[in-house]
1. Which condition does B:Ile64 not pass, out of (1) within 14 Å of chain A (Cβ to nearest Cβ); (2) free of Cβ contacts under 8 Å to residues at least 40 places away in the same chain, if it passes all the others?
2. Just to check your reading of the model, which residue among A:Tyr56, A:Tyr44, A:Tyr52 is assigned to a helix (DSSP H, G or I) and either at pLDDT below 65 or touching a Gly at 6+ places or on another chain (Cβ under 9 Å) (or both)?
3. Hey, any hits in the range A:192-199 for a residue that's in contact (Cβ under 8 Å) with a residue 60 or more places away in the chain, among the acidic types (Asp, Glu) and closer than 30 Å to A:Glu241 by Cβ?
4. Out of all the residues in the range B:44-52, is one or more small (Gly, Ala, Ser) and touching a residue at least 40 places away in the same chain (Cβ under 8 Å)?
5. All but one of (1) within 30 Å of B:Asp280 (Cβ to Cβ); (2) in a helix (DSSP H, G or I); (3) not small (Gly, Ala, Ser) hold for A:Phe172; state the number of the condition that does not hold.
6. In the range A:177-191, how many are surrounded by fewer than 22 Cβ atoms within 10 Å (Cβ to Cβ) and in a strand (DSSP E or B)?
7. Looking at the range B:121-159 only, could you name the residues that are surrounded by fewer than 18 Cβ atoms within 10 Å (Cβ to Cβ) and either outside any helix (DSSP H, G or I) or among the aliphatic types (A, V, I, L, M) (or both)?
8. Among residues belonging to the range A:37-62 that are surrounded by fewer than 19 Cβ atoms within 10 Å (Cβ to Cβ) and aliphatic (A, V, I, L, M), point out the one that is nearest to A:Ser281 (Cα to Cα).
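The values are calculated or read from the model by the stated rules, or taken from the named source; none is laboratory data. Just so it is clear, the model here is predicted, and its values are computed rather than measured. Glycine also receives a Cβ, built like all others from the backbone with ideal geometry; neighbour counts cover every protein chain displayed.
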Amino acid sequence: MYEGESMKTFVRVITISVVMTMASFLGQALAATELVVVSWGGAYTASQQNAYHAPYMKKNPGIKIINDDSAGSAVAKLRAMKQAGNTTWDLVDAVASDAMRLCDEGLVDEIDHNSALANGADGSTATEDFGDFIVSPCFVPQIVYSTAFGYRKDKVSRPMTSVCDVFDLKTFPGKRSLEKKPINNMEWALICDGVSPSKVYDVLGTDAGQKRALAKLDTIKSNVVWWTAGAQTPQLLADGEVVVGSTYNGRLFKAIEVDKQPIAMLWDWQVFDLDGWVVPSGTKNKAEVMKYLRFATDTQRLADQAKWISYGPTRASSAPLVGNHADLGIPMAPHMPTDPNNAKTTLLYNYEFWADNRDEIDQTFNAWLAK
Amino acid sequence: MIKTPEKIELFTADGVPLKLSLARVQRRSKMVAFLMVSPLLLFMVFAFLVPIADMLLLSVDNSIVERILPKTVKSIKYWDPHDDKLPDEAVFAAMVEDIKKAKKAREHTKIGTRLNYESSGFASLFRKAGRKVKKINEPPYKKALIKSDKRWGDIQTWRVIKQFSSGYTGGYYLAAFDLKRDFADGSVSSLPEEDSIYLKLFLRTILLSTTITFLTLIIGFPLSYMLAKVPTRISNILIIFVLLPFWTSLLVRTTSWIALLQQEGVINDFLILVGIINEDGRLAMIHNATGTVVAMTHILLPFMILPLFSVMKTIPKSYVRAAISLGAHPWIAFWKIYFPNTAPGIGAGSILVFILAIGYYITPALVGGSSGTFISNRIAYHMSSSLNWGLGSAIGVILLLFVVLLFLLYDKIVGINNMKLG
């Protein structure tokens, strides 16, 4: 009796597993092309999911978009994938300088912007609409973000208005958080040491100029907390560990408007940078990816992304369409780094300069740090 | 003197010489043993030895220059970099031809990136050349190339190319020791103080790792002693507390130390509350070397406790009892009898903690600030950010050799057989 019972169970288990295996095979055959999209995770990937992925999958039931959050190490990983001969990513979100390096190394495909991308809503071609933001033939610009400062409103004697206030320990005592790399910090140091902003890179290109920037940073070195991840500054500000700190403007927007921290923006000499898409060479779903890319970078989609995160769209035609925040309902335009009130004094990340000098200045900068 | 008996050959029942039969059986069992470990062996070879060998090669490999600029490398051989003269027309012609070909294969920027590691400016030089060479179709190439960018007329540019034209380079190792080779005469000199970093970081890594090892020993020894002394029922519970950190994510543990140690953190608040320090005297215990040492001592502590505990467990209680009954003071009995018996555990724990410590990079990156980062943070930087894999590998190889050296030294002084890992 017992034997028979267990035999029956056994048969049932086998049947179920066979059926399930068949179903899953069938499912796979029917399903869908999976596109692996690599991005930065957190609020940023969420904004892309809401603005691009979800509407695209709704329109194209045959496509499934998988998010991978390893954009931070994308350059090294793409290089390793190429060497191993197995590219498993379909689309990668990269900052412009990385996109240029990937393009240089032949790890991503060149794109014919006008034929691959949609025209602007105003009828302009893609190259006209994106304009100077197409910094590399492999790069499809998506957002403009900036590295700017946030400070604790309740811990300063008067509002901070100039980036040089960061170097003013007398008026604004306390710690500052700066990114642990020379880029941006060296520029700010030189501007506050009296170098004319248009001459910054001429000066920084010389040994004397680098010494001068480091000497300026030396004046606050003992009061600096160095960050390596964008989330650190908002946390340090919230804890009261620092009074002022640099990070990406979207992170500060979240701390100020969503988390309601007593933090205010210091936009002076914010440094613009671009972030966008690159297509890994060797992706197995090239045709599908290009279709997706055309959709995700059209005028409306780029404007939509700004509903979830305070980064500016790179298409000129998208700017007038930027509306309110999806959850908070506040207008997003005044929080964009590109808003005329915020963009009175700006630098644009100097791609050519840093491609040439990054290795050398980084060594000098780290030697200075280790002293 | 005893006369050695004649050699007698023994046979098994079926007439095969015993020696042969024995050898056969042994061979078979050896084969079985080998087959059983072969998956592990294969795994070790492919997951461990091959990558290390690859890394070794990467740290001296320079084949990219010859691959992308074959004609230039061939023709620049006859140019003497000591001469204060630019290479002749043939070299320029070869360069133009090489860049044209590389441009087609989209490789001209790769060579720029490679040479930019040695001398700033090569990245843009080659990127620009890739755009300009298509217009250079007839001699004189020298004049045309220099016209496209005056840096081609700088003798230093060609000295760099000449120096890095061979298939192998020691350049990465020189860089890892803060040395550089003069592009003109090939002499090796150390970098100026404000540019040298690696030796300082190697030294700091060793120093801080030693401190961490010592601290885990100081904290771990009494703890393991207690664990070994109390009844098993209690020691099992206590062991769980030792293992608990293992089950928590490394990042969580590190971040909790930030919450505890930062200037607006729990410990500083407490010290102010009880009046030991005042508001202006908040201690800086994190984002510096102190932070690294504290967090890593905590994280690596179990690696010290477990080998110590397993060794102490096996030391018979009767040893110390015997010493005391023979008249030794309990302290003397502990020091002369018990402590020497724990040596294998101390050795194993220390080696384990030290080796783990010098390779750590996440914790130092998060809590180390500028004075508490390790050499491994530079390796991580070169692997994932600067993509200078050659230099990253060279530093890695040096670190590896240092560990091997330490291991051999340990073997010489203490003896590797004397080590007990648990």
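1. (2)
2. On the way: A:Tyr56 fails: either at pLDDT below 65 or touching a Gly at 6+ places or on another chain (Cβ under 9 Å) (or both); A:Tyr52 fails: either at pLDDT below 65 or touching a Gly at 6+ places or on another chain (Cβ under 9 Å) (or both).
After ruling out the rest, the residue left standing is A:Tyr44.
3. Going through the range A:192-199, the residues in contact (Cβ under 8 Å) with a residue 60 or more places away in the chain turn out to be A:197.
Next, from what is left, pick out any that are among the acidic types (Asp, Glu): none.
No: the range A:192-199 contains no residue that is in contact (Cβ under 8 Å) with a residue 60 or more places away in the chain, among the acidic types (Asp, Glu) and closer than 30 Å to A:Glu241 by Cβ.
4. Looking only at the range B:44-52, we keep the residues that are small (Gly, Ala, Ser), and these are B:47.
Imposing the further condition that a residue be touching a residue at least 40 places away in the same chain (Cβ under 8 Å) reduces the set to none.
No.
5. With respect to (1) within 30 Å of B:Asp280 (Cβ to Cβ); (2) in a helix (DSSP H, G or I); (3) not small (Gly, Ala, Ser), A:Phe172 is out only on (2).
6. Of the residues in that region, 1 qualify.
7. B:Asn137, B:Glu138, B:Pro139, B:Pro140, B:Ile146, B:Asp149, B:Asp154, B:Ile155
8. Restricting to residues being surrounded by fewer than 19 Cβ atoms within 10 Å (Cβ to Cβ) and aliphatic (A, V, I, L, M), the top hit is A:Met57.
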